[in-house]
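The values are calculated or read from the model by the stated rules, or taken from the named source; none is laboratory data. Note that the structure is a prediction, hence the values are computed from the model and not measured. Note that we place each Cβ from the backbone using ideal geometry, even for glycine, and neighbour counts take in every protein chain shown. For the accessible areas, the whole protein counts, side chains as well, though only heavy atoms, and no ligand, DNA or RNA atoms are used. Shrake-Rupley method; radii C 1.70, N 1.55, O 1.52, S 1.80 Å.
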Amino acid sequence: MPERIKNYINGKWVDAASGKTFKSINPADTREVIGLVPDSDAADVEAAVRAARRAAPTWAKTPPPKRGEILYRAAELLVKRKQALGECVVREMGKVLSEGLGDVQEAIDMTYYMAGEGRRLSGETVPSELPDKDAKSIRVPVGLFALITPWNFPIAIPSWKITPALIAGNTVVFKPAEETPVCATRLVEVFHEAGLPPGVLNMVHGFGETVGEPMARHPVVEAVSFTGSNEVGMKLAGVCAGLGKHYTMETGGKNPIIVMDDANLDLAIEGALWGGFGTTGQRCTAASRLIVHQDIYDRFAERFVEGAKRLKLGDGLERKTQVGPLVSELQYKKVLHYIEVGKKEGAKLALGGGPYRKGLCANGYFVAPTIFMDVSPNMRIAREEIFGPVVSIMRAKDLTEAIDIANDIHFGLSAAIYSRDVNKTAIAERDLDCGLVYINASTIGAEIQLPFGGTKRTGLGPREAGGRGGALDLYTKWKVIYRDFSDRLQKAQID
Ligand code: ADP
């Protein structure tokens, strides 16, 4: 029997008001139904927003270190449940177990990090130009947040949004991806058990149009943090701007690895395989473009194809599996469509090129690792985000051309260069137009203590995660306080 999943509103686990449900399934074997999930609508959003609004004044006044204590308890529960949560990620989303555990570890790291922010959240104290007067800035909560998340990091990404929102004193209505509602529920259970007061965090399951959009548009919701497709992110940014809401939109990537002729080729190939096919290419930082110096192009391509041929596809819970299925029928069809686009555009298919149905993969959304060679930078497969195990290899005559190709797209999330020449890597570091640059490492594997996000259409609004310029810039606003203890009228700029 599949588990009956609930919404979480005002500290209680409840069905959708309509009583409707939808199914969450295992993408590695679609016959397995994992959860029956509330198919919520605007009525459920309304109840969640009301609860969050009621909880807001008390939570905003709770001392941040006390909020932090709840987050520390949540982090400890996540540590205890890491294995079970990692397995849940595998069953519901399809990634392999080591990566499922990594997903949970990222949430652990983020929760501890943001718990610590409870004792920092610092502003500035500066001198006043007038005597007997002081001047300082403090961070205050923004208010009520709608958090909308995707399925590819079903534990980590919600934690990136929930923990900074909470530590900063905001209340939350959260809509997880419809593909991974069971994972989201396991995460919210942790905050419930850690002692979060009712109404501070609420979760409404369901779909984008029926839950996400009413949430983002709700007049009481003051800010929106979204991660997902570029199309929806840009649309929501318009909605938020029109309604005067704060927002962050984290969307797509089309991330390049540049491989120079002096690179450590073994390392570059290993990094490209991990970046291109890790998480079945379903990371926003996946390496979907390999830009290779012409002098090593053939050697690199041959060895890269050999490496990809050896990747083992299967259920992520099997120890030997390296590449799992795509998350859903929609993604499966989208990836197969792009493969056809690549063939029609005239790219040379060097590996894969269709579904993978061998053995136990027959009942899942598996696509064979696919490599296109001789891809030109203007082809759609070189410009549009595919979000699957499809990698395009391009040729560059030198570093300048490689960087031009890397930059000549609408996205700018992550980029990598493999070279042993320190000058070349320094030039790439300076000239690559993106949010994350990796030197002699693949495009994936950001750490939580620095800001995460990109340039151009990859992202709008403040970045996520930790460090200066990270998530607290979205989840707090500045208040400046001048205190005059002179007992007389003093005039700045005039006295
Ligand atoms: P993906 O391709 O990663 O599934 P989506 O942008 O479709 O990307 O989905 C990411 C999240 O955004 C999911 O939680 C989804 O339900 C939600 N979503 C989709 N469409 C909308 C919308 N119009 N308004 C608000 N949220 C949406």
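Quick check: at a probe of 1.4 Å, how many percent of the accessible area of the chain sits on carbon and sulfur atoms? Walk me through the numbers on the way to the answer.
Details: 10530 of 20540 Å².
The value for the chain is 51 percent carbon and sulfur by accessible area.
Residues whose amide H comes within less than 5 Å of that of Leu311, counting only those at least five positions distant or on another chain, are absent (H built at 1.01 Å from N in the peptide plane). If each residue of separation counts as 0.36 nm, what is the full-extension length gain between Lys12 and Glu69 once their alpha-carbon separation is subtracted? Here the answer is 18.4 nm.
Estimated from helices alone, the mean residue ellipticity of the chain at 222 nm is -11500 deg cm²/dmol (sum of -39500 (n - 2.57) over DSSP H runs with n ≥ 4, per residue). Mind giving me the FRET efficiency for Ile138 and Lys397? R0 is 45 Å, r the Cβ-Cβ distance, nearest 0.05 is fine. With a Förster radius of 45 Å, E is 0.25. When the pairs Lys82/Lys477; Lys133/Lys479; Lys82/Lys312; Lys95/Lys161 are compared against a 23 Å limit on Cα-Cα distance, Lys82/Lys477; Lys82/Lys312 fall above it. Taking region 110-126 and a reference point 7 angstrom along Cα→Cβ of Phe485, no backbone N atom is nearer than 13 Å. Taken per residue, the accessible surface of the chain reaches 41 Å², heavy atoms only and a 1.4 Å probe. For the chain, the relative contact order is 18 percent, taking Cα pairs closer than 8 Å that sit 6 or more residues apart in sequence and dividing their mean separation by the residue count.
Note on region 137-199 and region 39-96: Cα centroid distance 5 Å, given to the nearest whole angstrom.
Less than 5 angstrom separates the built amide H of Gly454 from those of Gly459, all sequence-distant by 5 or more or on a different chain. Between the helical axis of 329-345 and the longest alpha-carbon principal axis of the chain there is an angle of about 50 degrees. As an equivalent ellipsoid, region 255-439 spans semi-axes of 27, 17, 15 angstrom, where each value is the square root of five times an eigenvalue of the C-alpha gyration tensor, largest first.
Going by Cα centres, region 248-301 and region 325-381 are how many Å apart? What the calculation gives is 17 Å, centre to centre.
Against the chain, whose longest principal axis comes from its Cα atoms, helix 82-93 is set at around 60 degrees. Using the average count of surrounding beta-carbon atoms within 10 Å as a protection proxy, the listed peptides 192-198, 392-398, 175-181, 251-257 rank, highest first, as 251-257, 175-181, 392-398, 192-198. For region 255-439, the antiparallel share of DSSP beta bridges with both residues in that region comes to about 15%. The amide H of Phe366, built 1.01 Å from its N in the peptide plane, has Leu326, Tyr356 as neighbours under 5 Å, considering only residues 5 or more places off or on other chains. So if we plug the beta-carbon distance of Arg31 and Glu3 into 1/(1 + (r/R0)^6) with R0 = 22 Å, what FRET efficiency do we get, rounded to 0.05? Between Arg31 and Glu3 the formula returns 0.85.
Rounded, prolate or oblate: which fits the chain, taking a ≥ b ≥ c as square roots of the Cα gyration tensor eigenvalues, rounded meaning a/c under 1.5, else prolate when a/b beats b/c? Please report the intermediate quantities before stating the final value.
Numbers: a/c = 2.15, a/b = 1.33, b/c = 1.61.
Judged from the Cα gyration tensor, the chain comes out oblate (a/c at least 1.5, b/c at or above a/b).
Once the Cα atoms are used to define both axes, helix 265-277 deviates from the longest principal axis of the chain by about 60 degrees. Considering every alpha-carbon pair of region 124-223, the percent of pairs per 5 Å bin, from zero through the bin containing the longest distance, is 2, 12, 21, 20, 15, 8, 5, 5, 5, 4, 2, 1, 0. Each part gets one Cα centre, and for region 401-463 versus region 213-237 those centres are 26 Å apart.
How much length is gained if the chain between Ile494 and Arg468 is pulled fully straight, taking 0.36 nm per residue apart and subtracting their Cα-Cα distance, in nm to one decimal?
Details: separation 26, 0.36 × 26 = 9.36 nm, distance 3.48 nm.
Contour length minus Cα-Cα distance gives 5.9 nm.
Here the chain carries DSSP beta bridges of which approximately 45% are antiparallel, counting only pairs with both residues inside.
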